[in-house]
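A.B. asks: Quick one: structure below, then a few questions.
Please treat every number below as a calculation from the coordinates, not as lab data. No experiment lies behind these values; they were computed from the predicted model shown. We place every Cβ from the backbone using ideal geometry, glycine too, and count neighbours over all the protein chains shown.
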Amino acid sequence: MRRTFDTGNAAITEAAIAAGCRVFAGYPITPATEIAENMSRRLPQVGGYYLQAEDECAALHVCNGASLGGLKAMTATSGPGFILFADPFGWALSSEIPVVIVNAQRVGPVSGITGAPGQGEFYLSRYLTHGGNFETIVLAPSSVQEAFRLTVRAFALSERFRTPVIVLADQMVTDGWEALEVPETPEELAGMGLEVVPRRAHPGPDFYPASDAIDVPPVVLGRGIGGACSDWTPTERGLDTEQVEAQHKHAHRLIHKIRSHRALLAEHEAFALDDDPELVLVSYGTPSRVVKSAVAAARERGLSVGGLRLVTLWPFPDELFRRRARYLTVELNWDGQLVREVERAAGAGSSVHFLGRCGELPAVTELVDAAATLLGGGSLRRRGWNLEAW
Amino acid sequence: MDALAERYLRPEKWPGTACPGCGLRLLTREILETFDALGLGVNDVVWGTAIGCTGRQTYAAWKGDAFAGTHGRVYALATGLRLALPPEKRLILTVGDGDAFTIGLPHLLAAARRNVDMTVIVGDNLGYQSTGGQFGVTTPLGARTDSSPYGAWEPSWAEEGLDVLGLVREAGAAFLARHTIYDREAVVETLKTAVATRGFSLVHLYYPCHVHYGAQALGSDELGVIARWMRERYRATGVVHDARGARPEFTERLRRFVADVQGRKARAG
């Protein structure tokens with residue numbers, strides 16, 4: 001085990017190498033540039049290929065092509081590049097080609113502020129391409145070490161589910177420095193509970209089974225067995241078709257291969273939820289670290305408060321919100337994104353509230369005050385804006 | 001089904017769903033004749049396609065490995081795939097004029113700059129025909145189409161001294177040529193050179209769309225009308241640029257670079 005002090009960007013790089021990534025194509029963008037730089041140094045050392053593409057759309061397509069040929073691939077970006085993934089993300093998703101995408105979220109909309117954290121792509125990560133008829137896997141790290149773990153996991157899931165997997169980080173996770181343990185042997189990796197799924201190739205010819213089965217090897221071209229792979233609605237043999245029945249089967253597969261394996265994907269961290277607190281602070285990524293401290297501080301004040309940190313964002317863990325409670329989402333955006341999903345998932349009798357911020361983290365005291373206000377029957381208002389009116 | 005089609009194409013995809021009389025069938029035959037002449041089998045070629053008539057109608061007709069990319073992006077996809085393919089596999093793309101010269105141009109130029117080993121066969125039917133007939137960047141000036149009802153007023157990339165292949169040449173392509181598909185023997189000779197090129201090659205092939213272009217721009221959907229017009233108009237054809245071997249191929253260069261880095265590391269370590 002190599003113990004270092006490094007950034008989330010470095011953790012993601014080392015995790016990708018450990019997971020068998022041998023192709024990285026990207027385009028420089030703050031705050032994800034360091035991942036590209038690290039990959040440009042590390043990949044040639046392990047016989048891999050680093051490419052700088054003409055834009056992010058091409059970057060992900062290059063990754064897709066490499067994966068179609070049997071090489072594991074990754075790209076990394078931030079908001080303005082993430083939006084350009086719409087086209088190649090859809091291609092990989094519909095063609096069922098594994099690939100890993102990292103998004104270091106910064107402040108938006110659009111170019112916004114480059115070097116500050118945001119959480120504006122919660123929904124975009126779910127609906128990164130057009131056309132509907134699909135489900136998405138999105139994982140959200142909140143520390144440098146977890147960025148390592150979730151990147152390795154993203155590669156494993158992308159292979160097992162034959163789908164692009166998104167690591168939805170934020171600028172503080174990727175740029176932040178922390179202690180980092182990097183396993184140096186497969187045993188050490190396994191000791192951390194991490195699995196590396198090797199690339200397998202489908203023996204053919206049935207590439208697109210009309211089922212929600214996972215662990216179906218993806219199509220790999222170049223082996224001379226007559227594989228066919230496209231973003232058209234496929235027949236089970238991968239030929240294009242305009243038949244509605246085939247489209248139904250394809251859509252069903254894209255949705256339910258993920259939804260029916262929710263249990264395998266679900267992951268969260270609970271802060272003091274054992275005594276069924278009246279108020280639950282809900283968050284993901286860096287804000288969770290403030291939430292964790294705020295939960296402890298609030299409980300010291302005798303407030304009935306707990307916390308829920310989402311690790312798997314999509315498919316959304318509806319089951320975590322069945323209990324009747326007050327839920328307060330703490331997010332790095334002013335418009336309220338996570339809160340909408342919590343409101344949808346929360347059972348009858350629950351109330352759902354929102355505390356937004358952007359480019360900076362809320363203070364612990366601010367969260368404790370918000371908790372006290374809500375538990376006292378008040379509503380949250382700041383700077384004259386009604387932040388609950390999302 | 002003729003012998004070459006039987007040998008190389010999936011029976012359910014031939015003659016395919018292109019309009020009766022579409023020039024794409026002759027274009028496909030010319031490609032098959034090329035493979036036959038070069039002694040290439042089904043397992044020697046990976047065949048990629050894109051969108052539009054040329055892309056859609058040729059997808060997975062090939063019995064061997066076949067893929068399709070999104071509109072204009074298949075050059076980036078193919079660049080990634082080339083990294084993973086054995087060097088001896090031939091990689092060909094059949095794409096349309098819209099795909100290659102408008103929406104996909106930056107990606108096409110990037111592939112040319114890197115000298116990625118692929119053969120791009122641009123089937124040019126003079127505009128966007130699969131969407132019903134709108135002008136594109138190779139549609140002649142003044143041509144009436146569904147989106148130029150008063151005649152196309154914009155200069156195309158084939159008039160007033162402009163030539164889109166000039167861009168591709170300057171971007172670093174190894175081999176460029178242009179024909180109409182009617183020059184069957186010459187097309188096959190050119191394609192043989194292009195497919196055998198280790199590096200980026202592109203063959204620009206004009207083919208007739210009598211259903212839309214003929215009807216809208218030439219006033220007749222008779223095959224003979226567009227055939228006569230096309231033969232007359234696009235006479236100056238052949239090899240446009242031949243710089244085969246002048247620059248290292250993409251994967252060759254990259255693999256050498258990676259080996260060099262590893263060597264440096266070993267020496268330093």
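A.B. asks: Would you pull out the residues with amide H under 5 Å of A:LEU281's amide H, same chain only if 5 or more places away, H placed 1.01 Å from N?
C.D. replies: A:GLY306, A:GLY307, A:LEU308, A:LEU328
A.B. asks: Based on Cβ point charges of +1 for Lys and Arg and -1 for Asp and Glu, what charge dipole magnitude is obtained for chain A about its Cα centre, in debye rounded to the nearest 20?
C.D. replies: Values: 36 positive and 46 negative charges, 55 e Å.
Result for chain A is approximately 260 debye, rounded to the nearest 20.
A.B. asks: Over all residues in A:51-62, what is the mean tally of Cβ atoms on other chains that come within 10 Å of each residue's Cβ?
C.D. replies: For this peptide, the per-residue mean of nearby foreign Cβ atoms is 6.
A.B. asks: Express in whole angstrom the spacing between the alpha-carbon centres of region B:148-218 and region A:89-142.
C.D. replies: With region B:148-218 and region A:89-142 each reduced to a Cα centre, they are spaced 38 Å.
A.B. asks: Does region A:179-229 come out rounded, prolate or oblate, given a ≥ b ≥ c as the square roots of the eigenvalues of its C-alpha gyration tensor, rounded meaning a/c under 1.5 and, failing that, prolate meaning a/b above b/c?
C.D. replies: Cα axes put region A:179-229 in the prolate bin.
A.B. asks: Straight-line reach from B:LYS63: which lysines fall under 23 Å, measuring Cα to Cα and dropping same-chain residues less than 8 apart?
C.D. replies: Straight-distance partners of B:LYS63: B:LYS13, B:LYS89, B:LYS192.
A.B. asks: Largest first and to the nearest Å, give the Cα extent of region A:269-386 along each principal axis.
C.D. replies: Per principal axis, max minus min of the Cα coordinates gives 33, 30, 25 Å.
A.B. asks: Looking only at Cα atoms, what is the convex hull volume of the protein assembly as shown per residue, in Å³?
C.D. replies: Measuring per residue, one finds 171 Å³ for the Cα hull of the protein assembly as shown.
A.B. asks: Cα centroids of region A:1-67 and region A:258-299: how far apart, whole angstrom?
C.D. replies: 30
A.B. asks: For every other residue with a beta carbon closer than 14 angstrom to the beta carbon of A:PHE82, add +1 if it is Lys or Arg and -1 if Asp or Glu, then tell me the sum.
C.D. replies: Charge balance near A:PHE82 sits at -3.
A.B. asks: When each pair of different Cα atoms in region B:172-269 is counted once in the 1/r mean, what is the Kirkwood radius in angstroms, to one decimal?
C.D. replies: About 16.4 Å, per the Kirkwood formula over Cα pairs.
A.B. asks: In addition: Please compute the Cα-Cα pair-distance distribution of region A:103-152 with 10 Å bins starting at 0, giving whole percents from short to long.
C.D. replies: Calculated over all Cα pairs of region A:103-152, the distribution is 21, 43, 33, 3 percent.
A.B. asks: Can you compute the charge dipole magnitude of region A:2-191 about its Cα centre, using +1 on each Lys and Arg Cβ and -1 on each Asp and Glu Cβ, nothing else charged? Give it in debye, rounded to the nearest 20.
C.D. replies: Dipole magnitude for region A:2-191 comes out near 260 debye.
A.B. asks: Inside 10 Å of the C-beta atoms of A:98-107, what's the mean count of C-beta atoms belonging to other chains?
C.D. replies: 0
A.B. asks: A further question on this structure: When chain A is treated as a GNM, springs tying every alpha-carbon pair under 10 Å, which of A:GLY285, A:GLY69, A:GLY306 comes out with the largest mean-square fluctuation?
C.D. replies: Judging by the Gaussian network model, the answer is A:GLY69.
A.B. asks: Here's another thing I want to ask about it. Which Cα, out of A:VAL368, A:PHE5, A:GLY47, lies furthest along the positive dipole direction of the protein assembly as shown (beta carbon charges, K/R +1, D/E -1)?
C.D. replies: The one lying farthest along the dipole's positive direction is A:GLY47.
A.B. asks: Please get the size of the charge dipole for chain B, origin at its Cα centre, with Cβ charges of +1 on Lys and Arg and -1 on Asp and Glu, quoted in debye to the nearest 20.
C.D. replies: Taking the Cα centre of chain B as origin, the dipole is about 1160 debye.
A.B. asks: OK, next. Of A:VAL216, A:VAL282, A:VAL23, which is the most mobile in a GNM of chain A whose springs link Cα atoms less than 10 angstrom apart?
C.D. replies: The residue with the greatest mean-square fluctuation here is A:VAL216.
A.B. asks: Further question on the same structure: On a 0 to 90 degree scale, rounded to 10, what angle separates helix A:86-95 from the longest Cα axis of chain A?
C.D. replies: 60
A.B. asks: Something else now. Tell me the relative contact order for region B:9-153 as a rounded percent, counting alpha carbon contacts under 8 Å between residues six or more apart.
C.D. replies: 19
A.B. asks: List the relative contact order of chain B as a percent without decimals, with contacts defined as Cα pairs under 8 Å and 6+ residues apart.
C.D. replies: RCO, chain B: 17 percent.
A.B. asks: Restricted to Cα positions, what overall size does chain B have along the principal axes? Three whole-Å values, descending.
C.D. replies: Answer, in whole Å and largest first: 73, 43, 30 Å.
A.B. asks: If you take each beta carbon of peptide A:227-237 and count the beta carbons of other chains within 10 angstrom, what is the mean?
C.D. replies: Working: counts 6, 12, 7, 13, 7, 6, 0, 1, 2, 0, 3.
Other-chain Cβ atoms within 10 Å of each residue's Cβ, averaged: 5.
A.B. asks: Considering chain A as a Gaussian network with a 10 Å cut-off on Cα pairs, which listed residue, A:SER78, A:SER350, A:SER143, attains the greatest mean-square fluctuation?
C.D. replies: Sorting by GNM fluctuation, first place goes to A:SER350.
A.B. asks: A follow-up question, please. Filter the trypsin sites (Lys or Arg not before Pro) in region B:7-68 down to the DSSP loop ones having no more than 10 other Cβ atoms within 10 Å, then list what survives.
C.D. replies: none
A.B. asks: What net charge do the residues around B:THR180 carry, taking every other residue with its C-beta under 12 Å from that of B:THR180, with Lys and Arg at +1 and Asp and Glu at -1? Numbers along the way, then the final one.
C.D. replies: Working: positive: B:ARG178, B:ARG184, B:ARG228, B:ARG231, B:ARG233, B:ARG235; negative: B:GLU30, B:ASP124, B:ASP183, B:GLU232.
Summing Lys/Arg as +1 and Asp/Glu as -1 gives +2.
A.B. asks: Sticking with this one: Mean shadow of region A:2-191, computed from the convex hull of its alpha carbons, in nm²?
C.D. replies: Average of the hull's projected areas for region A:2-191 equals 9.5 nm².
A.B. asks: List every residue whose amide H lies under 5 Å from the amide H of A:VAL220, counting only residues 5 or more places away in sequence or on a different chain, with H placed 1.01 Å from N in the peptide plane.
C.D. replies: The answer is A:HIS202.
A.B. asks: Take the eigenvalues of the Cα gyration tensor for region A:41-120, scale each by 5, and report the square roots as semi-axes in whole Å, largest first.
C.D. replies: Semi-axes from the Cα gyration tensor: 24, 16, 10 Å.
A.B. asks: Here is a further query. What ranking of A:MET172, A:MET39 emerges when the number of other C-beta atoms within 10 Å of each C-beta is taken as an exposure proxy, fewest first?
C.D. replies: A:MET172, A:MET39
A.B. asks: Considering the convex hull of the alpha carbon atoms of chain A, report its projected area averaged over all viewing directions, in nm², one decimal.
C.D. replies: 19.5
A.B. asks: Just need log10 I(q)/I(0) for region A:316-384 at q = 0.21, 0.22 Å⁻¹, Debye formula, equal scatterers on the alpha-carbon atoms, no solvent, rounded to two decimals.
C.D. replies: For region A:316-384 at q = 0.21, 0.22 Å⁻¹, log10 I(q)/I(0) is -0.95, -1.02.
A.B. asks: When the Cα centres of region B:49-83 and region B:99-139 are compared, how far apart do they sit, in Å?
C.D. replies: Value for the Cα centre distance between the two parts: 12 Å.
A.B. asks: Put +1 on the Cβ of each Lys and Arg and -1 on the Cβ of each Asp and Glu in the protein assembly as shown; which of B:LEU165, A:ASN133, A:LEU328 then has its Cα farthest toward the positive end of the dipole?
C.D. replies: B:LEU165
A.B. asks: Report for the protein assembly as shown the percent antiparallel among DSSP-assigned beta bridges with both residues inside it, nearest 5.
C.D. replies: 30
A.B. asks: Here is a follow-up. As a footprinting exposure proxy, order B:TYR75, A:TYR127, A:TYR284 by other Cβ within 10 Å, with the fewest listed first.
C.D. replies: Neighbour counts put them in this order, fewest first: A:TYR127, A:TYR284, B:TYR75.
A.B. asks: How big is the C-alpha Rg of region A:94-208 next to the rule-of-thumb value 2.2 N^0.38 Å, as a ratio?
C.D. replies: Values: Rg = 16.1 Å, N = 115, 2.2 N^0.38 = 13.4 Å.
Computed over Cα atoms of region A:94-208, the ratio equals 1.21.
A.B. asks: If one takes the longest principal axis of the Cα atoms in chain A, at what angle in degrees, from 0 to 90 and to the nearest 10, does the Cα axis of helix A:56-68 lie?
C.D. replies: The angle comes out near 50 degrees.
A.B. asks: Ok, one more. Using Cα pairs under 8 angstrom and six or more residues apart, how large is the relative contact order of chain A, in percent?
C.D. replies: The normalised contact order for chain A reaches 16 percent.
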